[in-house]
Amino acid sequence: MIRHKSFCLILVFSLFFLTGCWDRMELNDLAIELGWGLDQAKKNKVQISAQFIIPSKIGLGQTGRSGSGKTVFIESGTGKDTLSAVENMQKKLSREVFRGHRRVIVIGEKLARRGLASILDTYSRDPDIRLRTDMLIVKGSTAKDFLEASYPLEDIPALGALKEHNQVGGLGDTSLLNFIIASMSEGITPVLPVIELIPSSKKQERKSIKGFQMAGLAIFNKDLKLIGTLNINESKNYLWLINRLTKQSITVDVPQGNGIASLSLLKMNSKIKPIIQGKTVKCNIVLSGVGSIRENNTNLDLTQSKSLTRLQHILEKKAEKQALQTIGKVQKQYGTDIFGFGEVIHQKYPSQWKGLKKNWASHFRKAEVSVQANLTIRRVGLTGPSLQLKKN
């Protein structure tokens, strides 16, 4: 009994040493930001733009279009670095900027070509910035133009870019994290998804923007400067090669069947097997995937194992060809290792890597790469044979 009373007294006494939430911020005092943009300004300054929620408009079923139905508003600021630009933007806001819900970071192409090294520090240092954020390059335009574009399918236009990235097979909300990791690694160079604005087709609205769409992949060098791009199909091949693709479709011409067929893949994997023979660097890549036939405009009866095996072989050859074309383009045109060949060599041959890493870009250009695809067709659809197949 005495012990129990003593314990209670200790608990009561300890309450005097507890502090309250002295630094808390009420929701009504926060400007909640979901989209963030960076552009190059005059005199080598940085312009930041942000897409903020209008709390009174959220949940009313309205869209982010112009007029009284707007659910977001855009504000911007300019400074010598991102911090001073944010401070200049804060002067125009009655609420403190809250970055905890940031989902998308967009960067204008002009700033990306100048280089991102000078602005990257704050994104790895500030604990309030979410690393699981989608980071995109705006092709041929500015980040501010992108944030000001309307998007009819989403209340928050910036979220449309995140969802589009997911729809084309990207993981989404990991671009910033992957970019930072690659920028600090020796055997891989960073990339970012590319998005482009869609101008209105109406003659009287030539300067207006109808929306935006995913346009491929931006390639950076070790100085974090944009040096080139891949188109949307090449970017899908890249994502498959590095094991980050969530879905893919392959369409092939089938000469033996006098038509075309399409395979939809949902389970994909890749393995990179490096080999060093003297001064020659080789990388053997194995792609695997499981999917279903979604369209068969040939006269092949895919319920027959022989026809199914024939089609599967053609699909594998197409996947191998596409992957090799993407790798060859990066080797010849850009000479920067975005696939992480250097990383896997570092893991398997740590001693040889010490001599290779000093001039890895040159070794990457000369590397001999082979690709083998192993695809499995699990389903051929509900109708069985093609509708074009005659009864006999």
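The values are calculated or read from the model by the stated rules, or taken from the named source; none is laboratory data. The shown structure was predicted, so the numbers you read here are calculated from the model rather than taken from an experiment. Neighbour counts are summed over all protein chains in view; Cβ atoms, including those assigned to glycine, are modelled from backbone coordinates with ideal geometry.
Annotations
- Boolean, Leu265 is in the same structural domain as Gln325 (by TED's automatic domain parsing), of a type outside the set (Phe, Trp, Tyr), in contact with a Gly (Cβ under 6 Å, 6 or more places away or on another chain) and part of a strand (DSSP E or B): yes
Table: residues versus (1) within 14 Å of Ala31 (Cα to Cα); (2) at pLDDT 85 or above; (3) not hydrophobic (A, V, I, L, M, F, W, C).
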| position | (1), (2), (3) |
| --- | --- |
| Phe52 | yes, yes, no |
| Ser56 | yes, no, yes |
| Thr63 | no, no, yes |
| Ser68 | no, no, yes |
| Thr71 | yes, no, yes |
| Ser76 | yes, yes, yes |
| Lys80 | no, yes, yes |
| Leu83 | no, yes, no |
| Asn88 | no, yes, yes |
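- For Ile119, the criteria (1) of a type in the set (Val, Ile, Thr); (2) at pLDDT 90 or above; (3) more than 19 Å from Phe212 (Cα to Cα) hold in every case but one, which is (2).
- Filter result for Ile338 (farther than 30 Å from Ile195 by Cβ and either buried (at least 17 other Cβ atoms within 10 Å of the Cβ) or modelled with pLDDT under 90 (or both)): no
- Long-range neighbours under 8 Å by Cβ, at least six apart or interchain, first residue within 20 Å of Thr229 (Cα to Cα) within segment 120-144, second hydroxyl-bearing (Ser, Thr, Tyr) and crowded, with 21+ Cβ neighbours inside 10 Å: Asp134/Ser175; Met135/Ser175; Leu136/Ser175; Ala143/Ser49
- Scanning segment 321-373 for residues that are within 23 Å of the chain's Cα centre (by Cα) and of a type in the set (D, E, K, R) yields Lys329, Asp337, Glu343.
- The residue that is nearest to Leu265 (Cα to Cα), among those in segment 294-321 that are in contact (Cβ under 8 Å) with a residue 24 or more places away in the chain and of a type in the set (D, E, K, R), is Arg294.
- Positions within segment 242-269 being in contact with a helix residue (DSSP H, G or I) (Cβ under 7 Å, 6 or more places away or on another chain), more than 17 Å from Gly291 (Cα to Cα) and buried (at least 17 other Cβ atoms within 10 Å of the Cβ), in sequence order: Val254
- The set of residues in segment 292-322 being touching a helix residue (DSSP H, G or I) at 6+ places or on another chain (Cβ under 9 Å), part of a strand (DSSP E or B) and not polar (S, T, N, Q) consists of Ile293 alone.
- Screening Asp121, Asp145 for residues that are farther than 16 Å from Phe52 by Cα and of a type in the set (Asp, Glu) leaves exactly one candidate, Asp121.
- Filtered residues of segment 329-360 (kept if free of Cβ contacts under 8 Å to residues at least 40 places away in the same chain and part of a helix (DSSP H, G or I)): Gln331, Lys332, Gln347, Pro350, Ser351, Lys354, Gly355, Lys358, Asn359
- The residue that is modelled with the highest pLDDT, among those in segment 190-241 that are assigned to a loop (DSSP other than H, G, I, E, B) and either aliphatic (A, V, I, L, M) or farther than 18 Å from Glu109 by Cβ (or both), is Leu224.
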